[in-house]
Amino acid sequence: MDCTTWRECASDHIDGTLPTKLAREADAHVLICAQCAADMAEIQMLCADLTALPAPEVPLYFSDNILSKIEAQRESAKEPWWRAARLGITTTLAGATVASFVWMQAHPIVDAPNRIRAGAGASRRIAAPAPVAAPELNTRWMLHADAATPTFDVELTLLSKSAGTAKCTITGDPHAYRFTLAPGVANHFRIPMSLVQNENIATVDIQWTSGDTTHKRIEHHPLSPESPTPRRQSFGIRDLPISDAAREVSSRYNIPITLQDIPETTRIRVNPIHATAEEALTAALAGTGCTLVTTPDGLYISGK
Amino acid sequence: MRSGPPPDERSLIERSCKGDVHAYDVLVRRYERVMFQLAVRLTGNSDDAADIAQEAFIRGWNHIKAFRREAMFSTWMHRIVVNVFLDNRKKNRNKKHISLEQSIDASQEATTMDIPDTAAGPEALALESEQQVQLHNALMDLPEAQRTLMVLFHIQEKTYEELVEITGLPLGTVKSRLNRARLAMRDRLGKRNAEA
């Protein structure tokens with residue numbers, strides 16, 4: 001065997017996969033050829049060194065990002081009509097904004113009442129909330145998570161001169177809870193929470209009626225006194241309907257969030273780098289026309 | 001004899017085929033380290049490697065129904081990572097242009113142009129010794145097809161049979177390319193050592 005032939009079968013010789021006859025010839029060659037013997041030793045060393053190269057560290061959130069991208073992909077596959085309709089909706093909203101500006105110039109509001117309840121004196125207003133015609137409903141939810149059957153004690157106060165009714169539904173609970181509300185006083189109720197125990201947050205849909213006016217809003221209430229582990233599926237990764245984004249913020253920062261008159265088509269992206277829920281939502285809601293107010297009972301987002 | 005994935009993995013694959021993202025998440029977490037390491041050694045760059053490995057896992061999810069049950073999931077994923085790497089290289093090669101507006105003074109006797117090296121330095125890969133840096137550079141100097149085989153065989157410790165499955169090349173081609181790659185690396189490292 002000469003040097004050229006040995007180089008052609010060097011790998012097989014080193015790996016021991018040469019047929020016996022050729023292997024003997026290759027062995028004999030490296031015994032008499034110093035250059036090929038040196039090459040063989042160096043290749044063996046090189047192979048060992050390659051195997052010993054340190055394994056690089058996987059970047060943080062590597063698999064989280066993959067899962068988020070897959071979920072975003074599934075989401076967009078579900079809603080192709082939304083993307084197609086986006087331009088039309090944007091154009092319509094822009095037209096409506098211009099029309100409402102012209103209307104407001106012609107019909108200025110002299111004295112806009114503060115729709116946030118009186119107890120919200122310590123709140124920081126991000127943008128001035130617009131007036132509403134419906135009577136305000138104050139809610140206070142007290143969670144009894146330690147009881148054998150966790151319950152919510154609910155206090156509903158209808159700020160109106162006439163009586164009304166309210167209907168509450170909680171995501172995961174098939175029951176709808178209906179209450180009759182006396183005007184101007186605190187009405188107390190108890191709602192069992194057994195059906196949503198696997199969740200770390202309760203999403204409550206409230207509809208209330210007083211006189212001829214029906215109103216509704218969504219409230220997110222964390223179920224644990226300690227901050228739960230944030231659900232990692234979409235936070236900060238993609239645009240979400242405001243209600244879903246608020247639910248994730250409520251869960252991550254462990255703070256109740258109430259939403260009223262939120263446009264269903266508007267989506268926001270919340271950046272998880274913010275230290276507080278208020279900062280995160282202030283940044284995310286910019287440009288949506290929604291207002292964010294901090295109250296003693298949590299955050300309040302209004303679409304009007 | 002290979003009998004496909006182990007039972008728990010088979011169940012995860014079945015669930016993934018039915019659209020269970022969380023089952024696929026378990027598979028991703030199981031193989032993220034191996035696939036990321038493969039991508040790093042192919043690209044020589046942690047950022048590109050992360051993109052390639054992520055794209056490979058997403059392709060895996062999109063084509064999980066095409067996965068043959070008798071194969072190993074890890075071998076299948078290796079194949080996808082290699083394909084994504086080669087596709088990206090092809091795309092990037094087509095994009096590499098040098099602007100004609102970059103002035104080259106023809107009146108000067110010697111014309112030189114600095115083309116920046118865009119690959120991340122080996123320091124970014126936490127290589128510990130000078131020897132490892134040289135090894136890494138010699139690996140990166142290899143043509144992509146040879147580098148792929150070297151990485152799969154020596155770093156990922158795949159067998160010839162698995163190399164055939166991953167690359168889709170005949171055994172003879174795999175062996176001859178691997179042989180050429182080893183000799184080329186030995187020659188490069190020998191030359192550098194002689195220069196030093």
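Scan the range A:248-304 for residues that are polar (S, T, N, Q), surrounded by fewer than 23 Cβ atoms within 10 Å (Cβ to Cβ) and assigned to a helix (DSSP H, G or I) and jot them down. Scanning the range A:248-304 gives a single hit, A:282. Scanning the range A:129-143 for residues that are at pLDDT 70 or above and out of contact with any Lys or Arg (no Cβ under 7 Å at 6 or more places or on another chain) gives A:137, A:139, A:140, A:141, A:142, A:143. Here the range A:58-71 is the region considered, the condition is being more than 7 Å from chain B (Cβ to nearest Cβ) and modelled with pLDDT of 80 or more, and the residue that is nearest to residue B:27 (Cα to Cα) is A:64. Taken as a whole, the condition of being within 12 Å of chain A (Cβ to nearest Cβ), farther than 20 Å from residue A:17 by Cα and either in a helix (DSSP H, G or I) or out of contact with any helix residue (DSSP H, G or I) (no Cβ under 6 Å at 6 or more places or on another chain) (or both) applies to residue B:190. A residue that is touching a Lys or Arg at 6+ places or on another chain (Cβ under 8 Å) and farther than 26 Å from residue B:39 by Cα occurs nowhere in the range A:21-35. The single condition among (1) more than 13 Å from residue B:44 (Cα to Cα); (2) of a type in the set (S, T, N, Q); (3) within 12 Å of another protein chain (Cβ to nearest Cβ) that residue B:167 does not satisfy is (3). Taking every residue in the range B:135-159 that is facing chain A (nearest Cβ under 9 Å) and pairing it with any residue that is of a type in the set (S, T, N, Q) and surrounded by fewer than 16 Cβ atoms within 10 Å (Cβ to Cβ), at least 6 positions away or on another chain, the pairs with Cβ-Cβ distances below 9 Å are B:153/B:159; B:154/A:51; B:155/A:51; B:157/A:51. Kindly establish whether residue B:184 is among the aliphatic types (A, V, I, L, M), modelled with pLDDT of 90 or more and in a helix (DSSP H, G or I). Answer is yes for this residue. Taken together, B:53, B:71 contain a single residue that is in a helix (DSSP H, G or I) and within 28 Å of residue B:146 (Cβ to Cβ), which is B:53. The set of residues in the range B:12-56 that are within 9 Å of chain A (Cβ to nearest Cβ), farther than 25 Å from residue B:143 by Cα and among the basic types (Lys, Arg) contains only B:29. The combined condition, being farther than 17 Å from residue A:300 by Cα, at pLDDT 80 or above, among the aromatic types (Phe, Trp, Tyr) and in the same structural domain as residue A:244 (by TED's automatic domain parsing), is fulfilled by residue A:189. The residues in the range B:56-65 that are over 14 Å from residue B:31 (Cα atoms) and without any contact (Cβ under 8 Å) to a residue 40 or more places away in the chain can be counted, and the count is 3.
So is residue B:70 modelled with pLDDT of 70 or more, loosely packed, with under 10 Cβ neighbours inside 10 Å and of a type outside the set (Lys, Arg) or not? Answer is yes for this residue. Tallying residues that are charged (D, E, K, R) and under 17 Å from the mean Cα position of the chain (by Cα) within the range A:276-304 yields 2. Out of the residues in the range B:169-181 that are among the hydrophobic types (A, V, I, L, M, F, W, C) and in a helix (DSSP H, G or I), state the one that is farthest from residue B:152 (Cα to Cα). Once the filter is applied, the top-ranked residue is B:171. Checking every residue in the range A:4-22 against the condition of being within 10 Å of chain B (Cβ to nearest Cβ), among the small types (Gly, Ala, Ser) and surrounded by 14 or more Cβ atoms within 10 Å (Cβ to Cβ) gives at least one match. Restricting attention to the range A:23-57 and to residues that are surrounded by fewer than 16 Cβ atoms within 10 Å (Cβ to Cβ) and at the interface with another protein chain (Cβ under 8 Å from one of its Cβ atoms), the residue that is farthest from the chain's Cα centre (by Cα) turns out to be A:51.
The values are calculated or read from the model by the stated rules, or taken from the named source; none is laboratory data. Owing to the predicted nature of the structure, the values given are computational and were not obtained by experimental measurement. With ideal geometry, Cβ positions are generated from the backbone for all residues, glycine too; neighbour counts draw on all protein chains shown.
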